[in-house]
Amino acid sequence: MTSRPDTRDTPHTQGSSGAPALRLHGLGKDFGSLSAVKDVSFDVAPGARHAVIGPNGAGKSTLFALVAGALPATAGTVMLHGDDVTKLSEHARARRGLVRTFQHSSLFLSATARENILIAVQRRHGVQGQPWRAVTRRRALLAEADEVLEQLMLQDRSGATAGSLSHGERRQLEVAVALATRPSVLLLDEPAAGMSPADTMAFQELVLGLPAEVTVLLVEHDLDLVFGVADRVTVLHLGEHLLTGDPDEVRASDAVQHAYLGAEDTSELFLEDGPG
Ligand SMILES: Nc1ncnc2c1ncn2[C@@H]1O[C@H](COP(=O)(O)OP(=O)(O)OP(=O)(O)O)[C@@H](O)[C@H]1O
């Protein structure tokens with residue numbers, strides 16, 4: 001009988017064999033007679049900032065849930081660094097480094113920003129349930145939490161309770177909490193939802209500043225954010241894979257323009273920088 005190594009204390013690696021960080025193959029999800037995701041295949045390269053976009057009902061959230069392990073797939077496989085994780089739970093995937101943030105906050109609102117991160121750091125080190133008894137390790141754990149606070153530009157909000165943070169800051173903190181688990185692949189679920197334009201800009205900087213070795217898969221409505229951060233974009237339409245390409249290919253694609261706006265004027269869908 002084999003047992004999986006406990007990876008809680010080891011940084012997650014990018015895999016050994018040159019495999020993609022993520023490979024989705026023939027992925028499908030049916031809800032009764034509705035196929036929300038149909039035969040979707042694409043790779044996410046290690047270190048990529050890869051976005052999934054598509055019009056309402058395209059299947060983005062469902063695909064996200066299939067990758068995270070929140071929903072079982074009806075068909076197909078999810079490979080993480082070359083390992084088949086299709087049958088693994090969300091928790092088991094997270095332990096292998098595939099970590100998501102939540103669209104609806106899962107923060108402890110009465111705990112400070114630093115404490116929220118610390119809780120994640122402690123979990124990674126396997127000291128949850130006895131947080132303040134591990135006195136000798138406390139300093140190291142706090143230092144790790146502070147490093148994440150700084151990475152996410154939250155050091156000035158360290159002592160503020162999560163409940164007192166602005167919407168944009170909470171989103172930042174959610175990413176910080178995810179990052180504290182040392183993911184190899186970070187899944188961001190519509191982070192710009194409900195954000196002001198200024199918060200979205202700040203969030204863009206945050207994503208651009210994430211450690212290069214962390215692969216990011218982002219499901220997002222806000223195309224400004226997508227085209228501000230992504231080096232690869234997958235477009236879904238009616239549950240199907242329409243195109244995976246670099247941002248310029250996606251912007252230039254008639255099929256993508258039509259998927260978004262049908263026969264309507266598409267001239268302003270993907271605005272380039274500069275005056276409109
Ligand atoms: N739990 C469910 N049960 C039944 N149908 C569902 C369920 N979840 C999603 N769907 C349907 O699957 C299709 C894809 O939905 P999904 O939410 O994945 O799309 P989306 O691209 O994320 O949409 P949006 O941009 O509007 O959030 C839609 O037709 C939706 O109504």
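The values are calculated or read from the model by the stated rules, or taken from the named source; none is laboratory data. Computed from a predicted structure; not experimentally measured. So basically every Cβ, Gly included, is an ideal-geometry build from the backbone, and we count neighbours across all protein chains shown.
Side notes on the structure shown:
- Every residue from the stretch 174-209 that is within 16 Å of the ligand (Cβ to nearest atom) and acidic (D, E): D189, E190
- Residue count for the stretch 37-54 satisfying the condition of being crowded, with 22+ Cβ neighbours inside 10 Å and among the hydrophobic types (A, V, I, L, M, F, W, C): 6.
- Scope the stretch 155-174; condition among the polar types (S, T, N, Q) and either more than 17 Å from L142 (Cα to Cα) or outside the structural domain of A143 (by the TED database) (or both); matching residues: S164, S166, Q172
- A51 being in a strand (DSSP E or B), touching a residue at least 12 places away in the same chain (Cβ under 8 Å) and among the aliphatic types (A, V, I, L, M): yes
- When restricted to residues that are in contact with a helix residue (DSSP H, G or I) (Cβ under 9 Å, 6 or more places away or on another chain) and away from the ligand (no atom under 12 Å from the Cβ), the stretch 45-66 contains 2.
- Residue identified as of a type outside the set (D, E), at pLDDT 95 or above and in contact with a His (Cβ under 9 Å, 6 or more places away or on another chain) among T77, T13, T62: T77
- Residue in the stretch 197-213 that is surrounded by 14 or more Cβ atoms within 10 Å (Cβ to Cβ), touching a residue at least 24 places away in the same chain (Cβ under 8 Å) and in contact with a Phe, Trp or Tyr (Cβ under 9 Å, 6 or more places away or on another chain) present: no
- Identity of the residue in the stretch 214-231, of a type in the set (D, E) and in a loop (DSSP other than H, G, I, E, B), that ends up surrounded by the most Cβ atoms within 10 Å (Cβ to Cβ): E220
- Within the stretch 17-44, tally of residues that are within 16 Å of the ligand (Cβ to nearest atom) and either free of Cβ contacts under 8 Å to residues at least 12 places away in the same chain or not aliphatic (A, V, I, L, M) (or both): 11
- Complete set of residues in the stretch 232-255 that are in a strand (DSSP E or B) and among the acidic types (D, E): E240
- Where a residue in the stretch 60-72 is of a type in the set (F, W, Y) and its partner, wherever it lies, is part of a helix (DSSP H, G or I) and more than 10 Å from the ligand (Cβ to nearest atom), with Cβ under 7 Å and at least six apart: none
- Any hit, the stretch 173-187, residues being in contact with a helix residue (DSSP H, G or I) (Cβ under 6 Å, 6 or more places away or on another chain) and over 30 Å from M79 (Cβ atoms): yes
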